Amino acid sequence: MQFGYFDNPKREYVITDPRTPMPWANYLGSPAYGAIVTQNAGGYSFVKSGAAGRILRYTFNQFDEPGRYIYLRDEDTGDFWSASWRPVEKPLDEYKTITRHGTSYTQIESEYRGIESKALYYVPMDATYEVWRLEVKNTGEKKRKIGVFGYCELTTESFYTQDLVNLQYTQFITVTEFHGDHIIQKINQFCNVNEDGENGRERFFGLAGAPVASYTGRRERFLGTSRFNAPKGVADGKLDDSLNFNGNPCGALHTVIELAPGESKSVAFILAQKGTREARKLIDRYADVEKTVDAEWKELIAYWHGKLNGLNVNTPDEDLNTMVNTWNAFQCFTTFVWSRAASLVYCGERNGYGYRDTVQDIQGIIHLDPAMAKERIRFMLSAQVHHGAGLPLVKFTHNAGHEDTPEQDSYVKSTGHPHYRADDAMWLFPTVYKYVAETGDKDFLNEVIPFADYDEGTVIEHLRRAIDFTMHHLGHHGMPAGLHADWNDCLQLGAQGESSFVAFQFYYAMNLLNELLPKTAEYKEYSQWLTEKAAEQLQKINEFFWEDDRFLRGYTQDGAVIGSKKDPEAAMWLNPQAWGVISRGATPEQAEKSMESVHRLLNTENGIELMAPCYKKHYFETAFMKLFNPTTKENGGIFCQPQGWAILAEALLGHGGRAFEYFKESCPSAYNDRAEIREVEPYVHSQFIEGHETPQPGRAHVHWLTGTASTVMVGMVEGILGLRPTPEGLRISPAIPAEWDGFTMDKTFRGKRLHIVVDNSAHHEGGVQKLLVNGKAAGSAVLTDDMIRDGDEITVVM
Ligand code: GLC
């Protein structure tokens, strides 16, 4: 079934049927003021923290309500509906509606009995409030009088769990007041007030562009004994001018609009965690609703489209174009900015950045906004402990140089993380490498950055210490210990157990660092040491991790093998095979064999399972994936992050067809016309997809905020499209389906705009025969800065 389509020129997804299997959401603003909105106007808003700064109530996992509701009422007949299909749910043969989810805005456009409405929701650039602009148009032949009601349900206090469960307290700490064009909510009104009588906990809901005809600040009076589909206040055509006291606060404002035939008018509702003084200023700012909103909307679009324009691809595959140009890219920025802060699944309880997730998220935007990436790389380096490990959780309040660490009870208490994970700091290597390669900014390597607890060092020093940390945590065979987790949160291998995943990461890390090291006397000895140690690791990998047609997954703390052919369960794992290739550790023969095993033993039509057969009986003590249902999440589900690694690995091997096959299998947009399978949004990746041993294989879960965004992006950009920068310049080596005649790309590289034409008239899957700059042979495989100018045309003949 299809519920919508991609409007690529506008970079929008348009939902044409609001009855999607799950609420399909969009992201507005940033965690400074964040809002999530669905096609039925469901969702919530918060300031700084989804859990501790919640403004709007939302009931997770229920009916996608409440939301940012706007009701319309025909004053002559009393008939009423909503600007979004829900909550009123008028019959869809008469009520026409589409939702345009765009880059940081959502517009719901509906038409019912001669009245067109457009509800635009957004948070202006860098602002800490939200705007709902409603445009109403009379498309009929007679004059119409339309009542408009804006409604939002406010939490009683900022901690959303308190709001939901501690009713004996929270119901009695808040009141609402009416101030002419806005409702103010006060919380603990006598505490910590300043000279204006405010304590910084006020929220307001205001109306601009029309006078308020009636209002209520009390949910029970708005609803009466009805639900959101037929609130008493709307049915009555007038709110009762009541306020909240010892109950549930809301903002509900009513105005009446008269429209001549063909006429349209706009009003704006504004919501913020701010007091009366700010409310006054903001409502005044929107006195000319159209003008202000149009300018702000344009600004948002220019900002986001400007970023996404950094890479524009035009391949024969529409899914690839849609995802790489817009949706996967926008999701990468969303995960970068929001981390795992808030979604319809993440309820906002995380009080910081996960180390590995964040360092990986950076990789998804390096090709589009390296400056933004650099800032976050700095930040993450400053969250490395002096001995080289990454803090498992980096607090939002991170104060480099002064943080406590997992060695201290205080850290464990405040974060819940008692141990280091084996992979965290290893992610720094490809991330720093990619940044330096994209920009050529080698100076960054000498920048001095503090460590989390104490001490400081250059970026190179930070990377050295990350190597040291792993070196100091080796297991039985002298390969990296699995510690508390090794990317796979469910795999606890401990201080002696060993992880092939981290072994490959480590091998790769040493080689990447070696490549980045300045070729000076100062680093000569260290560079040699890295070369030797990397060779030693690889030798151990071959000796202890290779078995016939696969790399093993690891050794347990007791020395038992995980991921051997002989195992009745979990005999084959995706990650070590893909990472064998990505790290360049696998020999060509191992690479071919192991990736072939992946295809044979793990692949399904909806993507590659993480391992198989899943654990049911034959698990070891700390294999926590046993907690999950079969082929679900880490227990052999189609975990989506590793799909990106498989795409990259196949592309690096020059298997364009296979890489593309993997892309398509788990590509959200490829399910647009069978969206009932995935259920979640066809425009964003999810954390995992159900595997073959569930009743609904292909169903996807945990939308939006997932590392999948960045790994698949890297798999596409570096892998299939073949944009593989090195510190020296740009290498282009696509791996595409042999049927393609070629494709084009426009890419900004180190400040220069390049038009890249890939010619595959020979119908190869990979490999480059010729590289031309403006029609002349380049003479080298890497385009260095002196070889290219802004506006050049690069031809890659495959
Ligand atoms: C989730 C976590 C991520 C972890 C992965 C596999 O996506 O956010 O940190 O690597 O699961 O366990």
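Laboratory data are not the source of any read-out in this text; all were calculated from the coordinates shown. The structure displayed is predicted, hence computed values, not measured ones. Every residue, glycine among them, receives a Cβ derived from its backbone with ideal geometry; neighbour counts consider all protein chains shown.
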Label-to-label distance, nm, for residues given as D558 and E728 (7 Å Cα→Cβ offset)
5.2
Hey, with R₀ at 41 Å, roughly what FRET efficiency would K298 and K143 work out to, going by the Cβ-Cβ distance, to 0.05?
0.80
Ratio Rg/Rh [Cα only; Rh per Kirkwood] for the chain:
1.00
Under 11 Å, Cβ to Cβ, from N760 - net charge with Lys/Arg +1 and Asp/Glu -1
-4
Can you tell me the relative contact order of the stretch 484-563? Whole percent, Cα pairs under 8 Å, sequence separation 6 or more.
38
For the stretch 397-429 and the stretch 82-156, write down the distance between their C-alpha centroids in whole Å.
45
Taking R0 as 35 Å, what's the FRET efficiency between E522 and M372 from their Cβ-Cβ distance, rounded to 0.05?
0.65
Less than 15 Å apart at the alpha-carbon level, and either on another chain or at least 8 residues along: which aspartates and glutamates does that give for K434?
D361, D369, E375, D443, E515, E718, E728
If one compares the long axis through the Cα atoms of helix 328-338 with the longest principal axis of the Cα atoms of the chain, the angle in degrees, nearest 10, works out at 80
Give the residues of the stretch 701-744 whose amide nitrogen is closer than 14 Å to a point set 7 Å from the Cα of S761 in the direction of its Cβ.
741-743
Angle between the Cα long axis of helix 656-665 and the longest principal axis of the chain, 0 to 90 degrees, nearest 10?
30
Burial order of peptide ranges 378-389, 106-117, 422-433 (average beta-carbon count within 10 Å, highest first):
422-433, 378-389, 106-117
Does anyone have the angle between helix 289-308 and the longest principal axis of the chain? Alpha-carbon axes, 0 to 90°, nearest 10?
10
Plugging the Cβ-Cβ distance of T161 and D409 into 1/(1 + (r/R0)^6) at R0 = 22 Å yields, to the nearest 0.05, a FRET efficiency of 0.35
Extent along principal axes [Cα atoms of the stretch 459-519; Å; largest to smallest]
38, 20, 16
Alpha carbon centroid spacing (whole Å) that separates the stretch 542-582 from the stretch 214-245:
62
Listed by chain and number, the lysines with an alpha carbon less than 16 angstrom from that of K143, same-chain partners under 8 positions apart left out, are K265
Given N residues in the stretch 313-370, what is Rg(Cα) / (2.2 N^0.38 Å)?
1.31
Contact order normalised by length for the stretch 417-483, with contacts defined as Cα pairs under 8 Å and 6 or more residues apart; what percent is it?
33
Extension gain (nm, one decimal) between K281 and N312, 0.36 nm per residue minus Cα-Cα:
7.1 nm
Give the separation of the Cα centroids, the stretch 356-395 to the stretch 723-798, in Å.
29
Can you give the relative contact order of the chain as a percent, counting alpha carbon pairs under 8 Å and 6+ residues apart?
10
Just the Cα atoms of the stretch 463-606, one point each, no solvent: what log10 I(q)/I(0) does Debye give at q = 0.10, 0.15, 0.21 Å⁻¹?
-0.34, -0.73, -1.28
Simple label model, 7 Å out from Cα along Cβ direction - E592 to K232, nm:
7.7
Quick check: net charge around K232, other residues with Cβ under 14 Å of its Cβ, Lys/Arg +1 and Asp/Glu -1?
+2
Computed, not fitted: 222 nm per-residue ellipticity of the chain from DSSP H runs ≥ 4 (each -39500 (n - 2.57)), nearest 500, equal to -8000 deg cm²/dmol
Between E290 and F245, what is the spin-label point distance in nm, taking each point 7 Å from the Cα along the Cα→C-beta axis?
4.3
Computed about the Cα centre, the charge dipole of the chain from +1 Lys/Arg and -1 Asp/Glu charges at the Cβ has a magnitude in debye, to the nearest 20, of 1140
Other-chain or far-sequence residues with amide H under 5 Å of T604's (modelled H):
E609
Amide proton proximity set for Y69, modelled H, under 5 Å, gap of 5+:
Y151
